[in-house]
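One structure below.
Derivation of every value follows stated rules applied to the coordinates shown; laboratory data play no part. All values derive from a computational prediction rather than experimental measurement. All Cβ positions, even for glycine, are placed from backbone atoms using ideal geometry, and neighbour counts span all protein chains on display.
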Amino acid sequence: MRSKGQGAANTYEAIKDRILSFQLQPNTQLSESALAQEIQVSRTIVREALQHLEDDGLIEKTGQRWTVTAMTEKDIYEICQVREALECKAVEVILKNGGLTPGQIRNLRQINECSYQSDDYVLNYSMDGRFHATLCEYSNNSRLIAYFDKLALQMERTRWLTMVLPKNDPRKEHEQIIKALEENDLVKARDSVEKHLRSAEKNFVKIFSDDTLWCAYNSFKSFISEK
């Protein structure tokens with residue numbers, strides 16, 4: 001993985017935020033010179049930042065052109081499948097290594113209980129992401145964690161999809177995962193993770209197959225990009 005200088009790191013964060021907030025939408029072509037002028041850095045620094053974003057899977061390069069990566073139904077399926085594989089492996093590794101400590105169980109429950117206590121969608125999504133990231137962190141597998149963190153950036157782009165769906169509270173499904181880990185029950189833990197993530201996958205895919213939801217999503221996406 002490439003290392004970033006300070007200037008490239010700040011530029012990377014600036015462009016990444018624009019992609020995740022849909023200010024730069026899927027399939028948008030990126031201009032190194034325009035970004036350099038907007039962010040007030042050199043084209044060399046922009047190019048380095050774009051290379052890191054390419055590593056993250058957020059943009060792609062064809063010839064000399066940089067483009068924000070598309071987000072199709074196939075992309076959603078693939079992201080969800082890899083996420084399921086990583087999180088199922090995480091609970092397997094956790095239990096193989098002796099399970100979670102009482103403190104780790106308490107921390108997962110605290111994160112879960114703090115989620116979805118208000119209508120603050122961004123906060124709720126953040127806490128949900130924190131729950132899954134913490135679960136993977138407890139595997140103590142540095143490579144698994146690195147892959148999850150990279151995938152989480154791509155998952156971040158899907159969060160706006162769920163804004164047009166009825167409110168969904170995942171805390172009961174999270175608690176089932178915690179309970180299975182607390183009981184050191186691998187089969188139950190894997191089943192609970194699979195059930196939870198496949199439910200999320202169905203919600204994402206539902207938008208692509210429902211014309212009304214898809215139109216609502218595109219309207220909302222345009223609104224977000226103009227903010």
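Amide H to amide H distances under 5 Å link I59 with E54, T69, where only residues 5 or more positions off or on other chains count and H is placed in the peptide plane. Near Q64, within a Cβ-to-Cβ distance under 15 Å, what is the net charge of the other residues, with Lys and Arg +1 and Asp and Glu -1? Its environment carries a net charge of +1. Which of the aspartates and glutamates could a cross-linker bridge to K188, judged by Cα under 15 Å and excluding same-chain residues fewer than eight apart? Output for K188: E84, E87, E92, E173, E175. 3J(HN,Hα) along region 59-67: 9, 9, 10, 10, x, 9, 9, 9, 9 Hz, from the Karplus curve 6.51 cos²θ - 1.76 cosθ + 1.60 with θ = phi - 60°, whole Hz, x for Gly and Pro.
Within the set of other residues whose C-beta is less than 10 Å from the C-beta of Q154, count the net charge using Lys and Arg as +1 and Asp and Glu as -1.
-1
Here the calculated FRET efficiency for K202 and R43, from their Cβ-Cβ distance with R0 = 45 Å, stands at 0.55, rounded to the nearest 0.05.
Using a/c under 1.5 as the rounded threshold, could you call region 61-125 rounded, prolate or oblate? The axes a ≥ b ≥ c are square roots of the C-alpha gyration tensor eigenvalues, and prolate needs a/b larger than b/c, oblate otherwise. Taking the square roots of the gyration eigenvalues as a ≥ b ≥ c, region 61-125 is oblate. Neighbour counts of C-beta atoms inside 10 Å place L20, L135, L100 in the sequence L20, L100, L135, starting with the fewest. Taking amide H as placed 1.01 Å from N in the peptide plane, L30 has its amide H under 5 Å from the amide H of W66, T67, V68, each at least 5 places away in sequence or on another chain. 3J(HN,Hα) couplings calculated from phi for region 177-190 with the Karplus curve 6.51 cos²θ - 1.76 cosθ + 1.60 (θ = phi - 60°) are, in sequence order, 5, 4, 4, 5, 5, 4, 8, 6, 9, 5, 4, 5, 5, 5 Hz; Gly and Pro show x. Rounded to the nearest whole Hz, the Karplus-based 3J(HN,Hα) values (6.51 cos²θ - 1.76 cosθ + 1.60, θ = phi - 60°) of region 24-29 follow the sequence 10, 8, x, 6, 6, 7, with x at glycine and proline. Compute the distance from the alpha-carbon center of region 76-113 to that of region 124-153, in whole Å. Region 76-113 and region 124-153 have Cα centres spaced 8 Å from each other. For the residue pairs K96/K150; K150/K179; K16/K195; K89/K195; K74/K206, the C-alpha atoms sit more than 20 angstrom apart in K96/K150; K150/K179; K16/K195.
Summing +1 for each Lys or Arg and -1 for each Asp or Glu among the other residues whose beta-carbon sits under 13 angstrom from that of T134 gives -1.
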